[in-house]
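The next block holds one structure in the form of structure tokens; read it before the comments.
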Amino acid sequence: MKIRRLSVTSVVLSFLVVVLSGLAWWAGTPARAAFAPTIALIPASGIVTGQPESVKFSGQVQVSSELVLDTSKFNVPPAVILTIDLSNVSGTGSSTGAKYVAGGNGTNVYRPLVSNDTVEITFPFSRGTTMSVSSTGLSSVRSGVLTFALSFDMNTGAITKGTANIASPAFPY
């Protein structure tokens, strides 16, 4: 009687094919389907109080909104990725008239897609025309809070309406 033996290579290769097939089946389609971002210009204004002086800010905040749909088997609700650009927002010192610039350009925020949402971010700002740490160090960089009230198109994730307010941070005591 002749006994036929399987080679170790054949067994390992067969096992690898089964494992990879299982992983491909489990993963299904890509986990995220994203759409082209839409851009909204939202007017922003407000005053950040503090030392050495209060700063009045105004300008247009550019907010990019990208719809994200989960196409995996986990059924995560639709969401948006917001990219916030403050490069067109500037401030003026109340007592000196000095120019201030806002930083934090390109801040990304991931939010569930809802028809109306309030989004709050903290941003750095400093005196001058460019956002930098001067010879006085980090002590010259201050913080402001930007609060958005946004409305979204539930089919595309595009911002349909928005307002923005700039204020002082409310740090706990």
Qualifying positions in region 38-50 - open to solvent by 50 Å² or more (accessible area, probe 1.4 Å) and either at pLDDT below 90 or of a type in the set (Gly, Ala, Ser) (or both): 45
Of all residues making up region 90-117, the number that are assigned to a strand (DSSP E or B) and either touching a residue at least 60 places away in the same chain (Cβ under 8 Å) or not β-branched (Val, Ile, Thr) (or both): 12
Pairs, first surrounded by 11 or more Cβ atoms within 10 Å (Cβ to Cβ) in region 152-173, second part of a loop (DSSP other than H, G, I, E, B) and among the acidic types (Asp, Glu), C-beta under 6 Å, six or more apart: 160/153
Members of region 33-61 found to be among the polar types (S, T, N, Q) and within 15 Å of residue 151 (Cα to Cα), listed by number: 38
Scope region 124-151; condition open to solvent by less than 30 Å² (accessible area, probe 1.4 Å) and at pLDDT 95 or above; matching residues: 144, 145, 146, 148, 150, 151
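The values are calculated or read from the model by the stated rules, or taken from the named source; none is laboratory data. The structure displayed is predicted, hence computed values, not measured ones. Every residue, glycine among them, receives a Cβ derived from its backbone with ideal geometry; neighbour counts consider all protein chains shown. In case anyone asks, the SASA skips ligands and DNA or RNA and just uses the protein heavy atoms, side chains included. Shrake-Rupley method; radii C 1.70, N 1.55, O 1.52, S 1.80 Å.
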